[in-house]
C-alpha cells in the first residue's frame, strides 16, 4: 500500500527538497562530465588550462558509475583546457563563460582519437571537435603524401604531390576561417580568427624593391594584430596570444631600443583601448622579461622604459608593492648609463695620487671606459687583450680610461708597471668619486664605449669587440673612411 502523506507535510518536504536542490545548484557552477572508455573509477583525470606558453593544473576528477566529473563553486574562465589522462596524454576542450558549464559532457577512449571523441551540451566544443577531426584526417593524408613526395624521383609527379599538399593546408585553413566567420560571438570564432595570419600587401611595382619591401614590412607591422580581438581575456588561456606576441617581437622588431620601445607602447595602448585586462597584464609582464633577456646591445633601455612607464607609474595594477619598489630602485640605478645618454663624469687621480684626470676632458672622437680589478679572474684574461689592441692600433682617435675599482693601491701600481698598460689609469684613491653608483659597477670587467660627445654607444662588451666598435664610431662620425669589404 502507498503511504498517504498529509498535504501540508508533503508541501513542507517538497519545499525543503527544492531548497536543497537550488542551494546545491547554486553551489556548483561547473560540472564537466567525462567518459573515457578503457578507464575505471580507480583512475584519476586532471583538468588543466593553458596560460601563455605554459599549462597549469586546475582541478582533479571525482568518479561515479564510470563517469569522471570536474566540479567547482565558480564558473571556469573562458579558454582552452586540457583533460589529462593517467599516462599524461590529453585532449583539449573549450570552456566559455557564456555557456552552461553544468551541461558539458565528453566521451572518448584512451586513444583520444578525434574520430570517436564527442561533445554534448556545448556548441563551442561541437565545432571544435568537428574541426579537429578534419585537421587530423588531413594531417594523416598529408603525412602519406609527404612520404611519397620524398621518395619520388619524377619531377612531374613531385609537382603534383606538392600541389596536393598545398591543397590540404588550404582546406584546413579555409575550414577554420569559415568557423571563425560564422561564429563571431563565440569564443571559438575569436580563437580561430586570432590564429589567422594577416595577409601581406603585394609589393609595389612602381618603386625600387628595397623601398617596396620596407613598405610591406611597415604595413605588416601595423596590421599584424588586426585579427586579434583585444577585448577577449579568454585568448590568454590558450597558446595563441603568447605565440603571436613572441613572433611579433622576434620577427618584426628592429633591434634598436627606441624602435622597440615605440613598438611596445603602440601595442600596449591598443590592448588597453581594447579592454582586455588579462592581455594588458600579460603583454607588459612578457615584454619586461623579453627586454631583460635580450642579447641585443643597449636593450636595457627598453627594460628601463617598461619599468619606469608601467610599473613605477602605477599601471601594473596586479604587481605587489614591494616588487614594484625593488624594480623602481633597480631602474634608477640603470638610468645614468643607458645608451645615448651622456656618460657620468669621473675625475680621479692617476698613480701619482697628485694629478686628477677628467674623463670628460679627453679630447678624442672615441673614449673607452674599462672598470677592472687586479684580482678579478676574468680581468686577467681581458686586460692583456685590451693592451694588445691598444698597442696595435693608431690611438690618435681614441683613448682608454681604465678605472681600478678596489683599494690595493700598491698592488695596482705594481701590475701597471709589470704589464705596461700605457693608456690612462686612474683609481678612486680619495673615495670621493661615485663611479660605482653612477655606472652600477657590481662585477668586473665592465667596458663602455663613448662617442665624441661622451654619449654611451656600446656597453658590457668583451675585449675582443672593442676594436670593431671603435672603427664603427670613427666611420660613423666621419673621422676615417669606411673599411673596404672584400
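The values are calculated or read from the model by the stated rules, or taken from the named source; none is laboratory data. These numbers come from a predicted model, not from an experiment. Note that we place each Cβ from the backbone using ideal geometry, even for glycine, and neighbour counts take in every protein chain shown.
If you scan segment 240-276, which residues turn out to be outside any loop (DSSP other than H, G, I, E, B) and exposed (fewer than 14 other Cβ atoms within 10 Å of the Cβ)?
247, 250, 251, 259, 266, 269, 273
Looking only at helices (runs of 4 or more DSSP H) that fall completely inside segment 358-462, which ones have 2 or more residues that are more than 40 Å from the chain's Cα centre (by Cα)?
Where helices (runs of 4 or more DSSP H) fall fully within segment 358-462 and carry at least 2 residues being more than 40 Å from the chain's Cα centre (by Cα), they are 377-392, 409-419.
Among 100, 125, 89, which is surrounded by 17 or more Cβ atoms within 10 Å (Cβ to Cβ) and over 19 Å from residue 171 (Cα atoms)? Spell out the reasoning first.
Numbers: 100 fails: surrounded by 17 or more Cβ atoms within 10 Å (Cβ to Cβ); 89 fails: surrounded by 17 or more Cβ atoms within 10 Å (Cβ to Cβ).
So the residue among 100, 125, 89 that is surrounded by 17 or more Cβ atoms within 10 Å (Cβ to Cβ) and over 19 Å from residue 171 (Cα atoms) is 125.
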Task: Count of segment 327-380 residues which are without any contact (Cβ under 8 Å) to a residue 60 or more places away in the chain and within 25 Å of residue 394 (Cβ to Cβ) - done: 3
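Here is a list: 281, 273. Which entry is within 17 Å of the chain's Cα centre (by Cα) and at pLDDT 95 or above? Spell out the reasoning first.
Working: 273 fails: within 17 Å of the chain's Cα centre (by Cα).
Matching residue, one of 281, 273: 281.
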Open item on the list: I'd like to check something: does segment 103-113 contain any residue that is in contact with a helix residue (DSSP H, G or I) (Cβ under 8 Å, 6 or more places away or on another chain), closer than 18 Å to residue 190 by Cβ, modelled with pLDDT of 95 or more and buried (at least 17 other Cβ atoms within 10 Å of the Cβ)?
Closed with: no
Open item on the list: Which numbered condition in (1) surrounded by 15 or more Cβ atoms within 10 Å (Cβ to Cβ); (2) under 25 Å from residue 432 (Cβ atoms) is the only one that residue 312 fails?
Closed with: (2)
Open item on the list: Could you go through segment 65-73 and let me know if any residue there is under 11 Å from residue 36 (Cα atoms), at pLDDT 95 or above and assigned to a strand (DSSP E or B).
Closed with: yes
